[in-house]
């Protein structure tokens with residue numbers, strides 16, 4: 001990852017949130033297209049439905065844009081949080097891969113146990129797609145955030 005040179009806290013958070021957000025969005029598009037027959041626009045409208053409810057399924061492009069914004073706000077929130085807990089939790093520094101995977105699983109659990117049930121997104125049962133979601137959050141969200149953050153702190 002020579003292209004990503006974390007020289008400041010802000011650039012570390014920027015790259016962590018951006019990469020995790022892009023990987024997460026792409027995984028969601030592929031998985032939901034394959035298993036739920038949703039196109040990329042519908043996936044982003046689904047994200048927007050957390051705030052605006054079922055009206056986001058009206059095909060409006062504005063909800064696609066809003067869903068994309070919400071998606072990256074969430075990704076950056078998790079990148080910021082990890083950046084600030086990194087120096088405070090000793091386990092992370094010595095086990096960055098495990099910490100990243102655990103962090104990704106924690107993100108998935110938080111989203112599915114607290115955030116989504118308290119949003120306007122309809123309840124859905126735990127199924128095979130849920131297992132895939134947990135796995136991709138571990139590998140494609142938690143791990144990149146952890147590695148990018150670790151790279152910054154190792155240089156300090």
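Listing for the model above:
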| read-out | value |
| --- | --- |
| The range 74-88: number of residues that are farther than 13 Å from residue 17 by Cα and in contact with a helix residue (DSSP H, G or I) (Cβ under 8 Å, 6 or more places away or on another chain) | 3 |
| Number of the condition not met by residue 126 [criteria: (1) part of a helix (DSSP H, G or I); (2) over 14 Å from residue 20 (Cα atoms)] | (1) |
| Number of the condition not met by residue 72 [criteria: (1) without any contact (Cβ under 8 Å) to a residue 60 or more places away in the chain; (2) more than 17 Å from the chain's Cα centre (by Cα); (3) part of a helix (DSSP H, G or I)] | (2) |
| Subset of the range 22-46 [farther than 16 Å from residue 69 by Cα and part of a helix (DSSP H, G or I)] | 27, 30, 31, 32, 33, 34, 35, 36 |
| Complete set of residues in the range 79-99 that are buried (at least 18 other Cβ atoms within 10 Å of the Cβ) and under 17 Å from residue 11 (Cβ atoms) | 79, 82, 83, 86 |
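Each value in this text was obtained by applying a stated rule to the coordinates, not by laboratory testing. In this text, all values refer to a predicted model and were calculated from it rather than measured experimentally. Cβ: placed from backbone, ideal geometry, glycine included. Neighbour counts: every protein chain shown.
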